[in-house]
Amino acid sequence: MKIKCIIIDDEPLAITVIENHLKNFDHIEVVETFNNPLKAYRVLEQEKIDLIFLDINMPEMTGFSFIENLSYKPLIVITTAYREYAVKSFELNILDYLVKPIPFNRFLKTINKVYQQVYIANGSADSSLQQDPHIFLKANKKLLKINLNDILYIESLKDYIKVTTTLGDYVVHKSLTAITEELPQSNFIRIHRSYTVSINKIIALEGNKVEIANRKIPIGRNYTKQVKERIFNIKDD
């Protein structure tokens, strides 16, 4: 199954940038691009679109007006040169807000949000994709597809993180907070200021540590209650 998307922007260069970014992701198909939002309604009436990259300031119709007149709402990512519309955008339940020029690393975070929504939160008509939920991480000058089922735990290394998987370790320039937000909360939990772990990979609880693949990982004091209740169903009196 492909994630079908359209791009709406009155600037040709902005469309080109998004199209070039999307060429890195095989599961996303650009159905059509538009510099006039009014023309996009035709495609939305004819086929199911999963994702829209949408500018705000356009001559025929603003992005906000476009959203308000949708008969159904796909996932929407705002792409704009203006930061001041962020609050209003999120009030309209958009998925993400990208400020131009859009760097690839920031775009990557958006794509991981898209995959989480389409393949994990909402499920997928393609059973092979359901069995292979993943995120993309940029490491060693490569764009790596990391299967969520392979992740054991993630460790903070100041401005970097180390993602430990069943297949090996990957060092990525990203914060632990950022990667934790991109992962599905049903499968991952932060247990320490320096660690996020896969819930399914936890073997045991020993004192203030959890065991994963022969590694004992500390539970931070501020995370103890949540970890015990959510994972082990232990409620302190």
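The values are calculated or read from the model by the stated rules, or taken from the named source; none is laboratory data. What you see is a predicted model; the values in this text were computed from it and never measured. Glycine also receives a Cβ, built like all others from the backbone with ideal geometry; neighbour counts cover every protein chain displayed. Each accessible area value is taken on the protein alone, full model and side chains, heavy atoms only, with ligands, DNA and RNA left out. Shrake-Rupley method; radii C 1.70, N 1.55, O 1.52, S 1.80 Å.
At 1.4 Å probe radius, can you tell me the per residue accessible area of the chain in Å²?
Computed with neighbouring chains in place, this is 53 Å² per residue.
What size of dipole, in debye to the nearest 20, comes out for segment 128-237 about its Cα centre when the only charges are +1 on Lys and Arg C-beta atoms and -1 on Asp and Glu C-beta atoms?
Numbers: 18 positive and 12 negative charges, 63 e Å.
Taking the Cα centre of segment 128-237 as origin, the dipole is about 300 debye.
Under unit Cβ charges (Lys, Arg +1; Asp, Glu -1), what dipole magnitude, rounded to 20 debye, does the chain have relative to its Cα centre?
Dipole about the Cα centre, nearest 20: 1060 debye.
What is the set of long-range amide H partners of Arg193 at a cut-off below 5 Å, with H atoms built 1.01 Å from backbone N?
The list, which skips near neighbours in sequence, is Gly220.
With each label point set 7 Å from Cα along the Cα-Cβ vector, what nm distance links Tyr41 and Ser194?
Computed distance between label sites Tyr41 and Ser194 equals 5.7 nm.
Can you give me the long-range amide H partners of Lys138? Hydrogens built in the peptide plane at 1.01 Å from N, cutoff under 5 Å, separation of 5 or more residues or another chain.
Hits under the 5 Å cutoff: Leu144.
Kindly work out what percent of the DSSP beta bridges joining two residues of segment 35-190 are antiparallel, to the nearest 5.
Given both bridge residues lie in segment 35-190, the antiparallel proportion sits at roughly 70 percent.
Please list, ordered by chain and number, the residues whose modelled amide H lies under 5 Å from the amide H of Lys209; skip anything fewer than 5 residues away on the same chain.
Correct list: Ile219.
What does the net charge come to around Glu11 if you take all other residues with beta carbon closer than 14 Å to its beta carbon, with K and R at +1 and D and E at -1?
In short, -4.
Return the label of the correct value of Rg and Dmax of the Cα atoms in Å, as calculated from the structure shown, out of (1) 33.1, 97; (2) 20.0, 62; (3) 21.9, 71.
Label (2) holds the value from this structure.
Along the charge dipole of segment 3-97, Cβ charges K/R +1 and D/E -1, which of Ser89, Leu38, Pro12 sits furthest on the positive end?
Ser89
Can you work out the Karplus-derived ³J(HN,Hα) for every residue in segment 91-104? Use 6.51 cos²θ - 1.76 cosθ + 1.60 with θ = phi - 60°, whole Hz, and x for glycine or proline.
Taking θ as phi minus 60°, the curve returns 5, 8, 6, 6, 7, 7, 10, 10, 9, 6, x, 8, x, 5 Hz for segment 91-104.
Going by Cα centres, segment 186-212 and segment 8-49 are how many Å apart?
After rounding, the separation between the Cα centres reads 40 Å.
Residue-wise, which Karplus ³J(HN,Hα) couplings in Hz belong to segment 37-44, taking 6.51 cos²θ - 1.76 cosθ + 1.60, θ = phi - 60°, and x for glycine or proline?
Here the 3J(HN,Hα) series is x, 4, 6, 6, 4, 4, 5, 5 Hz.
Which whole-Hz ³J(HN,Hα) couplings does segment 49-61 yield from phi under the Karplus relation 6.51 cos²θ - 1.76 cosθ + 1.60, θ = phi - 60°, glycine and proline marked x?
Each residue of segment 49-61 in turn: 9, 8, 8, 10, 9, 10, 6, 9, 8, 9, x, 6, 6 Hz.
Of the listed peptides 58-65, 30-37, what is their order by residue-averaged count of other C-beta atoms within 10 Å, with the highest listed first?
30-37, 58-65
Please get the size of the charge dipole for segment 1-112, origin at its Cα centre, with Cβ charges of +1 on Lys and Arg and -1 on Asp and Glu, quoted in debye to the nearest 20. Walk me through the numbers on the way to the answer.
Numbers: 12 positive and 16 negative charges, 57 e Å.
Computed about the Cα centre, the dipole is about 280 debye.
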